[in-house]
Amino acid sequence: MAKVNLNNCKISKNVGADELKVVWKDPDFNPDHKAFYYVRVLENPTCRWSTWDALKSGNKPRSDLPSTIQERAWSSPIWYVPDNKGIEVGNILPDDV
């Protein structure tokens, strides 16, 4: 995980990735069972806006607030419903996956 320099809000280099790509297969997938999948991600820590403001104005950051934050995000779910439930199911993955 990247570190944040609280004197200037710079983030350590060479930690994390600009972009991530992956193909994942569910090892327990059963085509007869309903399933859903989603992705959760954590961003490297960054200075909180109040820390930025304090540093730019020459003041110390507020002691009653965390100096950094770590954003979180998640994808929309991907739902799988077995073919026998009246919904057409197709493979959208490349043939070699």
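The values are calculated or read from the model by the stated rules, or taken from the named source; none is laboratory data. Just so you know, these numbers come straight off a predicted model, no measurement behind them. Positions of Cβ are generated from backbone atoms using ideal geometry, with glycine treated the same way; all protein chains shown enter the neighbour counts.
Brief remarks on what is shown
- Leading residue by the ranking (farthest from Asn59 (Cα to Cα)) among those in the range 27-39 that are within 19 Å of the chain's Cα centre (by Cα) and not β-branched (Val, Ile, Thr): Phe36
- So Pro31, is it assigned to a loop (DSSP other than H, G, I, E, B), modelled with pLDDT under 95 and touching a Pro at 6+ places or on another chain (Cβ under 7 Å): yes
- Failed item, numbered, when Gly90 is tested on (1) surrounded by 10 or more Cβ atoms within 10 Å (Cβ to Cβ); (2) assigned to a loop (DSSP other than H, G, I, E, B); (3) out of contact with any Asp or Glu (no Cβ under 8 Å at 6 or more places or on another chain): (1)
- Among the residues of the range 1-28, those identified as in a loop (DSSP other than H, G, I, E, B), aliphatic (A, V, I, L, M) and over 27 Å from Asp95 (Cα atoms) are Met1, Ala2, Leu6, Val15, Ala17.
- Of the listed requirements (1) outside any loop (DSSP other than H, G, I, E, B); (2) in contact with a helix residue (DSSP H, G or I) (Cβ under 7 Å, 6 or more places away or on another chain), Trp52 misses just one: (2).
- The listed residues are Lys34, Lys13, Lys21, Lys25, and the only one of them that is over 30 Å from Asp96 (Cα atoms) and charged (D, E, K, R) turns out to be Lys13.
- In a residue-by-residue description of the range 59-81, the property of being at pLDDT below 85 and either among the polar types (S, T, N, Q) or on the phi < 0 side of the Ramachandran plot (or both) applies to at least one position.
- Scan of the range 35-57 for residues that are modelled with pLDDT of 90 or more, surrounded by 10 or more Cβ atoms within 10 Å (Cβ to Cβ) and of a type outside the set (Phe, Trp, Tyr), ordered by number: Ala35, Val39, Pro45, Thr46, Cys47, Arg48, Ser50, Thr51, Asp53, Ala54, Leu55
- In the range 2-26, the qualifying residues are those that are surrounded by 10 or more Cβ atoms within 10 Å (Cβ to Cβ), of a type in the set (A, V, I, L, M, F, W, C) and under 18 Å from the mean Cα position of the chain (by Cα), and the one that is nearest to Lys60 (Cα to Cα) is Ile11.
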